[in-house]
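Take a look at the structure below.
The values are calculated or read from the model by the stated rules, or taken from the named source; none is laboratory data. All figures in this text were calculated on a predicted structure; none of them were measured in a lab. Cβ placement follows ideal geometry from the backbone for every residue including glycine, while neighbour counts extend to all protein chains displayed.
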Amino acid sequence: MTRANQSLPPLRLAWTALAKSWSSKIDKLRRLAGRPGRGMPLAAYQEPFSALMRSSGNLADLRPHLLVLVPWLPIGGAEVLLADILDSLKAEWRLSIVTTQTGDQALAPAFAAITSEIYHLPDLLARRYWFEFVAALMASRDSKAIVSSGSRFLYKNLKRIKARFPAIRSYDILHNDAPKAHLASALRARLHIDRLIAVNERIGRSLARGGARPGTVAVIPNGVDYEGVFNPRGVDRAAARRRFGVEEDTFVIGFVGRMSEEKRPLAFLAVAAPILAAHPHVRLLVLGDGPMTKAFRDAADAAGISDRLHHLPRLDREAMPRFYAACSILVMSSRIEGTPLAMLEALAMGCPVATTDVGDAALVIREGINGFIVPIAVPEALTPRIARLVGDAAALQRMSAAARQSIIDTGRSADAMLAAYRALMRPEMPA
C-alpha cells in the first residue's frame, strides 16, 4: 500500500469490493430510473456504499460535517493553505476530504493528521460512480457544507448536489484570476456557490466583474505566522546552510514551486544561469517536483550548472523556515499566481524576493527595497538586478531587513487569515 493510501480509513478495501459487487445493480437502477438524480430514491444510491455509514463509536460527535473537495494533495501553496484552514476549522467541523485526480499526494500525511477520512476516488472507483459515492457520503454524514479549492468535480456537479441537498452551503477558494484557470469555471457555477473566497482583492474584483452575485465574494488575504514559525530569530542560518550543503560565503538563489508550466522553472534557470557563469560562488537551491522535473534537470545539465544545483523534490513543512534561511534571495518566475505563500514566507524570514509581476506581487514587493519585480513577459530582466547583489553584502543585508519588515507592516498574519475563515464558515446553530 502506498504512503498516500495509508491515510485512508480501514474500510478502503471494503469500498473497492462493494463497488465491484454492486456495479451491475447500480447500472440496473440507472436503467429503471433514467438519468441519475431524477426519480431515484436516495436509498438506491446509499445501498452500494453502505460501508460509509458512521460507526457507533463516532455517532456521539455532534459537530456538523464539512465535505472538502480538491483535485489532489501535492505539496503546493494552495494545498498548504488549505491544510492550515482545515486544521483551524476542525474544532467546529467534522471533516471528510475527497480527491479526484491521480498523481502526487505528498501532502496526504499532513491532511491525515487533521482527519482520518480521506478518499482518493481514482484509487477506489470507476469515474461513473463518483457522484453516487459523494452523494452517499454526504447523506451518511449529514453534510452541512462543502468547501472546494480548484475542484473541477465540484464545478461540474454542484448543481446536481444542490438539487439533492438543497440546504447545503458551498464555499470555493480562488487562488488566481487567470482567464483559463478556475476563475471561469467558478463563474459558470456562481449561481450554486454561496461564497466565493478570493485570496486577494484583484481576484475579488475579477469575480465581481465576471458576474458574481452581490454579497457572495469574500476577500481573505493570505497570511503567514511571522512571529512564530517564519521568524529568522528561531533559525540558525549557518546550520540551515550546512543542512542543504551550502557554504557560508555562498550567494544562494532559491526557487520554490511545482515543476509545471505555470511556475516556469526553465525561466528560473534562464534567469540564474548567467549569474552562475559570472560568479563562481553562487549556488542554486531548488524545491519542487512535477511533470517538468526531467526537463528542468536536462536544462541544468545543458547549461553546465548541475554541479551547482541542489534540487529537493520535496521537503517536510517544518523545514521550510530553514530553507528560506539558507537562501540569499528567492526567485519566482511564474506566469500565474494569486498571493503566493512562498513569497510571504520568504519575506517573513528576511529573504528578499525577485519575481515576475503576477497576482498581487506588486502590492507586496517594492522594487529595490524588499526585492525586485519585472513584467511577466521578461523574467530575464531579473538577472542584472540579482547580479548586483552578489558582491554587495551591505545592500543584501538592508534588503533582508526590509523584507521581513514589509510583512510585519502589512499585518499579513496567519492568525488574522484563519480567524476570517472561521468567521465566514462558522456552523449555523440549530434553532
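For this structure, a couple of remarks:
- Any hit, segment 362-380, residues being of a type in the set (Lys, Arg) and at pLDDT 95 or above: yes
Rundown of residues vs (1) modelled with pLDDT of 95 or more; (2) on the phi < 0 side of the Ramachandran plot, yes/no style:
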{"position": "150", "(1), (2)": "no, no"}
{"position": "170", "(1), (2)": "yes, yes"}
{"position": "173", "(1), (2)": "yes, yes"}
{"position": "180", "(1), (2)": "no, yes"}
{"position": "186", "(1), (2)": "yes, yes"}
{"position": "196", "(1), (2)": "yes, yes"}
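- Of the residues making up segment 88-117, just one is of a type in the set (Asp, Glu) and within 14 Å of the chain's Cα centre (by Cα), namely 104.
- Wholly enclosed strands (runs of 3 or more DSSP E) of segment 52-141 bearing at least 2 residues without any contact (Cβ under 8 Å) to a residue 60 or more places away in the chain: 94-99
- Number of residues in segment 171-205 that are in contact with a helix residue (DSSP H, G or I) (Cβ under 6 Å, 6 or more places away or on another chain), of a type in the set (Gly, Ala, Ser) and farther than 15 Å from residue 417 by Cβ equals 2.
- In summary, strands (runs of 3 or more DSSP E) completely within segment 328-431 and bearing 2 or more residues that are assigned by TED's automatic domain parsing to the domain that holds residue 275 and in contact (Cβ under 8 Å) with a residue 24 or more places away in the chain occur at 329-332, 353-356.
- For residue 287, the stated conditions hold: it is in contact with a Phe, Trp or Tyr (Cβ under 7 Å, 6 or more places away or on another chain) and either within 25 Å of residue 339 (Cβ to Cβ) or surrounded by fewer than 21 Cβ atoms within 10 Å (Cβ to Cβ) (or both).
- Selection status of residue 238, in the same structural domain as residue 312 (by TED's automatic domain parsing) and not in a loop (DSSP other than H, G, I, E, B): yes
- Entry remark, segment 304-359: residues being within 17 Å of the chain's Cα centre (by Cα) and within 23 Å of residue 226 (Cα to Cα) number 19 in total.
One line per residue, one yes/no per condition, for (1) buried (at least 20 other Cβ atoms within 10 Å of the Cβ); (2) under 15 Å from the mean Cα position of the chain (by Cα); (3) in a helix (DSSP H, G or I):
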site: 146; (1), (2), (3): yes, no, no
site: 154; (1), (2), (3): yes, no, yes
site: 157; (1), (2), (3): yes, no, yes
site: 161; (1), (2), (3): yes, no, yes
site: 170; (1), (2), (3): yes, no, no
site: 178; (1), (2), (3): no, no, no
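- One residue from 250, 216 being of a type in the set (S, T, N, Q), under 23 Å from residue 184 (Cβ atoms) and either touching a strand residue (DSSP E or B) at 6+ places or on another chain (Cβ under 7 Å) or not assigned by TED's automatic domain parsing to the domain that holds residue 273 (or both): 216
- Of all residues in segment 244-260 being modelled with pLDDT under 95 and either assigned to a strand (DSSP E or B) or of a type outside the set (A, V, I, L, M) (or both), the one that is farthest from residue 106 (Cα to Cα): 249
- Identity of the residue in segment 299-313, loosely packed, with under 13 Cβ neighbours inside 10 Å and not hydrophobic (A, V, I, L, M, F, W, C), that ends up farthest from residue 280 (Cα to Cα): 301
- Inside segment 397-431, residues that are closer than 18 Å to residue 344 by Cα, touching a Leu at 6+ places or on another chain (Cβ under 8 Å) and of a type in the set (A, V, I, L, M) make up a count of 3.
- Selected residue (criterion: farthest from residue 412 (Cα to Cα)) from residues of segment 178-197 that are aliphatic (A, V, I, L, M) and touching a residue at least 60 places away in the same chain (Cβ under 8 Å): 181
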